[in-house]
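Just below is one structure, and these are the notes that go with it.
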Amino acid sequence: MPDANPNEQEDLKQRLAFAERLLAGIARANDSLLNVTDYRESIQGALRILGNATQVDRVYLFRCHEEPLTQQLLASQKWEWVAEGIEPEIENPELQNFPLADLFSRWPEELSQGRHIAGLVRDFPASERKLLEAQNILSLVVVPISVRNVFWGFMGFDDCHRGHIWSASETDALKTVANSFGGAFARQEAEIKLKDINDSLETRIKQRTKELEVSTALANSANRTKSDFLANMSHELRTPLNGILGYAQILQNSEDLKPQEIAHASMIEQCGQHLLTFINEILDLSKIESQKMNLYPSEVDFRNFMQAIVEMFSIQAHKKDITFRYNLSPLLPQGICVDKKRLMQVLFNLINNAIKFTDRGEVKIQVTGRPLALKQESEVSKQDYCLCFEVRDTGPGINPEDLNKIFMPFEQVGNLEKRSKGTGLGLAISHKIVKIMGGELKVNSTLGKGSCFSFSICCPEVEIDRQSLLELSEQKILAYQGETKKILVVDDRWENRAVIKNMLIPLGFKIIEADNGKQGLALAIEDKPDLIITDLVMPKMDGYEFVRLLKQHSATRPIKLFVSSASVFQSDQQKSLDAGGDCFIAKPIQLRELLTALKTALTLDWVYETRTLQNTHTSDIEDLDDSQFMLPSVEKLRDLQKLALSGLIKAFCQELDQLDQVSKNYRGFTQKYRTLAENFQLKTIQSSLELAISQSLPEATSTIRHSSPPSRNMDLSLLLP
Ligand code: ADP
């Protein structure tokens, strides 16, 4: 092969050097397009790298698009790099949206088909030459750019000083870098789209949040309206109920009424209590729904508490001729700290349902428990207990499909006639209450066989002052010792004042009355009562203002103050205590609650009805020696208890006679109970026998069947809400 002449050799060397620079430039430009995060910088950087590598005078990118009407291809310069001393064209308006085919007729076809245009300008068609030569361009190469396989525009390299002729391999290399630009544009487009989506999402979220805020505000306001409505409605219903229940209680304590009239008064009270329960249920549900239900744990004599519930329901069971069984584990503590009202509510609902839905067989209540692991010795002296309650019945059972429904508000399933006796709210409320107490209400049921509702809760054990509990629950209060106490009752409704008057005057209190705060204040200053009981909502001057002024005035500040209202809001109750009230008494007023509060506030010593165990019978049993106080067997005690519960006084006394015949050592016992029976002290007999059973049993278990309706002495106070 003949040696190339020096010119050709030099030319070859230059071409090789150019190819090397071009390839290195393309690699760096690709790197810029791929790795520089700022989009503008990455494109501009790649153009600069390519311009420097190829030593051309101008590198540019044109974006092409079809004019919608004429479908002409319009081109606009979008990016440009120029070598030093070259005039930039990026600002040139003529290079924006100009019809490409007007001057470069072959370009649209060639470029959109993926082909390049390259060469010396002097060889180009005349129309093209005119414009290019005006810019002193000697040679150029233009390669197409596609974005996702769609023609996007082109990239051009102008040479104004050398007239470089682009080889096929060089233009191929340029086409690869053009693809990289296409990729960068595609990414940018995707990013813009993503940003658009994000922006629109953000706008939508903002819009939705705003809508949500509006609807939450509306819902809150509707909820407030509902709560206000319910509170007002309940206030309106409770106020007359105060009269009904108050007088029913007063009547039952009246000496002048015949037994039948007392029974009628008791019926009025029971109906009133049911109505009150219903109002409370609706309120509870709304409280739970608005998450306003709080627990108020207090010390509870648990065994007495359960006994009172059992006594109450054994009567219902008896009426339906079904067996009612009750089993309380001996491991359980006497006193626990629990929200008595709420626990009562749950048990009441479960047992009531069990009896309501069961027509034959039995209802069984079982309470078991175990102490929880002891806390640190220094922390507590008493232990926490886990109490498990179970209410089992042999009723109709519940369809498996309905098991989920029954805990929803207003859901009733099964027998239509039985449904009408309920509201469908009880289980929904019980379920939520047990949850708030930290447990879970569960149901196990077999259609045709029966159901078992159960739950467990944890409560701390507490010491119980049995004597003070017995004092109030068992004996009738007749009066109090010491000087007459003067009580000012401030209430705008005469019937409310009358209820308190009729409860307290027979016990020896002096009552003065006012029908608004203003009048109350004048009387408080003038008459100096020992205690004031005031309503909250009153004309002229309401309870809050009245309490505030009383506490301001030095003469009235020491007077004990009870606030009594039908308001169901805990906040009202707290507010009245914060304002200076000593105690809040809820309306309808419960006599026992009022008396308990009065005893504490005025440090009263009650005078009880004299027919008490010791007072009445000491003389009868005086001449008995110690050996004559033997207790009968537990079975016998239970038999006696059943008779007492059934009100079968004659049979009860016959049992006592039989005991006397068995052994004279029972005489102390029989005499005591005979006297009680002769005085119809059924309640005292029952509780005293219960105590005797629980003391003589290693395990306190009682089964109560077919008991009678309650006597007037029966203490239902534990069952009142
Ligand atoms: P209700 O006031 O209707 O008794 P609850 O919420 O207490 O409302 O009970 C909801 C429904 O659950 C009842 O209507 C009844 O269909 C079903 N149910 C509850 N307890 C029992 C049970 N012991 N035996 C059979 N069905 C029951």
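The values are calculated or read from the model by the stated rules, or taken from the named source; none is laboratory data. Just so you know, these numbers come straight off a predicted model, no measurement behind them. Using ideal geometry, Cβ is built from the backbone for each residue, glycine included, and neighbour counts are taken over all protein chains shown.
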Point to revise | Selected residue (criterion: modelled with the highest pLDDT) from residues of segment 420-468 that are loosely packed, with under 13 Cβ neighbours inside 10 Å and not in a loop (DSSP other than H, G, I, E, B) | key: Thr446
Review point. Using beta carbons and a limit of 9 Å, which pairs, at least six apart or on different chains, have the first residue in segment 387-410 and at positive phi and the second one more than 9 Å from the ligand (Cβ to nearest atom) and outside any loop (DSSP other than H, G, I, E, B)?
Key: Gly397/Thr446
**Study point:** Members of segment 162-204 found to be farther than 17 Å from Asp31 by Cβ and of a type in the set (D, E, K, R), listed by number
**Key:** Arg162, Glu170, Asp172, Lys175, Glu189, Glu191, Lys193, Lys195, Asp196, Asp199, Glu202, Arg204
Exercise for review: Would you mind telling me which numbered condition in (1) within 16 Å of Asp159 (Cβ to Cβ); (2) exposed (fewer than 13 other Cβ atoms within 10 Å of the Cβ); (3) not aromatic (Phe, Trp, Tyr) Asn35 fails?
Suggested key: (1)
Review point. Just a yes or no: is a residue in segment 535-555 of a type in the set (Val, Ile, Thr) and under 28 Å from Asn294 (Cα atoms)?
Key: yes
Revision key, fill the gap. When segment 153-165 is checked residue by residue, the ones that are surrounded by fewer than 21 Cβ atoms within 10 Å (Cβ to Cβ) and of a type in the set (A, V, I, L, M, F, W, C) are Cys160, Ile165
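Residues of segment 252-275 being surrounded by 12 or more Cβ atoms within 10 Å (Cβ to Cβ) and free of Cβ contacts under 8 Å to residues at least 12 places away in the same chain, which ones? Working first, answer last.
Pass one, segment 252-275, residues surrounded by 12 or more Cβ atoms within 10 Å (Cβ to Cβ): 252-254, 257, 261-266, 268-273, 275.
Residues satisfying the conditions are Ser254, Leu257, Glu261, His264, Gln270, Cys271.
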Practice item. With the checklist (1) modelled with pLDDT of 90 or more; (2) out of contact with any Cys (no Cβ under 9 Å at 6 or more places or on another chain) in hand, flag the one item Ala83 doesn't pass. Key: (2)
Review point. For residues in segment 547-567 being closer than 24 Å to Asn232 by Cα and among the small types (Gly, Ala, Ser), which is modelled with the lowest pLDDT?
Key: Ser567
Point to revise | Subset of segment 32-65 [without any contact (Cβ under 8 Å) to a residue 24 or more places away in the chain and either under 13 Å from Gly182 (Cα atoms) or over 58 Å from the mean Cα position of the chain (by Cα) (or both)] | key: Gly45, His65
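From the list Ala17, Ala46, pick out the single residue that is among the hydrophobic types (A, V, I, L, M, F, W, C), part of a helix (DSSP H, G or I) and in contact with a helix residue (DSSP H, G or I) (Cβ under 6 Å, 6 or more places away or on another chain).
Details: Ala17 fails: in contact with a helix residue (DSSP H, G or I) (Cβ under 6 Å, 6 or more places away or on another chain).
Result of the check over Ala17, Ala46: Ala46.
Where residues in segment 3-14 are more than 14 Å from His164 (Cα to Cα) and in a helix (DSSP H, G or I), which of them is farthest from the chain's Cα centre (by Cα)? Show your work before the answer.
Just the residues of segment 3-14 that are more than 14 Å from His164 (Cα to Cα), to begin with: 3-10, 13.
Among the residues that remain, those that are also in a helix (DSSP H, G or I) are: 6-10, 13.
Values: Pro6: 95, Asn7: 94, Glu8: 92, Gln9: 91, Glu10: 89, Lys13: 85 Å.
The extreme case among them is Pro6.
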Exercise for review: Return the residue satisfying two criteria in turn: it lies in segment 531-544 and is part of a loop (DSSP other than H, G, I, E, B) and in contact with a Ser or Thr (Cβ under 9 Å, 6 or more places away or on another chain), and of such residues it is nearest to Leu504 (Cα to Cα).
Suggested key: Asp535
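Listed here are the residues, each with its yes/no results for (1) within 16 Å of the ligand (Cβ to nearest atom); (2) modelled with pLDDT of 90 or more; (3) in a helix (DSSP H, G or I).
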position: Gln307; (1), (2), (3): no, no, yes
position: Met312; (1), (2), (3): no, no, yes
position: Asp321; (1), (2), (3): no, no, no
position: Asn327; (1), (2), (3): no, no, no
position: Lys341; (1), (2), (3): no, no, yes
position: Ile351; (1), (2), (3): yes, yes, yes
position: Ala354; (1), (2), (3): yes, yes, yes
Review point. Just one of the numbered conditions (1) in a strand (DSSP E or B); (2) closer than 21 Å to Thr600 by Cβ is not true of Met503; which one?
Key: (1)
Check your understanding: Can you name the number of the only condition in (1) in a helix (DSSP H, G or I); (2) within 11 Å of the ligand (Cβ to nearest atom); (3) at pLDDT below 90 that Phe410 fails?
Key -> (1)
